[in-house]
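K.L.:
This is the structure I have questions about; it appears just below.
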Amino acid sequence: KKGGLLGTLMKTASSWIIFPLVFIFFLLDRGEILHFFMRLVPNRYFELAYSVIENVDEALGKYIRGTLIEGLLVGISLAIGFYLCGYELQIAILIGAVGGLTNAIPFLGTAIACVLSAGYSLIAENIQPIVPFVNTDNLMLVSIGVVMLVHLLDNAIFQPLVVGKAVNLHPLVVILGVFGGSMMFGFAGLIFAIPSIIINLSHPDIGGRIRLWL
């Protein structure tokens, strides 16, 4: 059991390290990866491959831009909420920034913001809340309430208006896609479920082109 648990922990840790690094390399890439793979494509399939890659790049670009704006709105909302509860400004901004950055991974940002705010509420002593009913005794519950409220705002307003408008995707599709992706492919499915759905729905002809290619 210990070996199985250790193996599971190592596998999870490696996923948390590898996938963010891969994402960073893709963000920093200036076309070298694309050029490398395009050199492997036979000449008769070059135009088809280039067309498919352009469509994928357009869909993912919209998704990434929408997700970054959504994360920014979530981070600002968290920081304002924590500051109103009496957090020091630097702490409120820090937890809000972490929650906003990790919000790109579905459900992870909310969980991390809950843990960080709950941890701070346990060590906070002299708070000066702007909201009158907040004190050190109920700070943890109020902090978690702030996170849940921002999560609801994200699902009801930020995501539909920002990400949903950019990629024309219903929030229910996002929830079901993330759940199904995580069930079938674990952490990788959690990360790549939404981009895969966006590519398929935004450009349904891609699958037909690939099948024709094969």
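K.L.:
Which net charge results for the neighbourhood of Arg65, defined as the other residues with beta-carbon distances under 14 angstrom from its beta-carbon, given Lys and Arg at +1 and Asp and Glu at -1?
P.N.:
Spelling it out: positives minus negatives among the neighbours equals -1.
K.L.:
Just to verify a number: FRET efficiency for Leu153 and Glu54, C-beta to C-beta distance, R0 = 30 Å, to 0.05?
P.N.:
0.30
K.L.:
With every protein chain left in place, what is the accessible area per residue of the range 32-106 in square angstrom, probe 1.4 Å?
P.N.:
60 Å²
K.L.:
Mind giving me the nanometre distance, one decimal, between the label points for Phe185 and Val115, set 7 Å out from Cα along Cα→Cβ?
P.N.:
The modelled label-to-label distance comes out at 2.4 nm.
The values are calculated or read from the model by the stated rules, or taken from the named source; none is laboratory data. Please read these numbers as outputs of a predicted model, since none were measured by experiment. All Cβ positions, even for glycine, are placed from backbone atoms using ideal geometry, and neighbour counts span all protein chains on display. The protein model used for the area step is the full one, side chains on, heavy atoms only, and it has no ligands, DNA or RNA in it. Shrake-Rupley method; radii C 1.70, N 1.55, O 1.52, S 1.80 Å.
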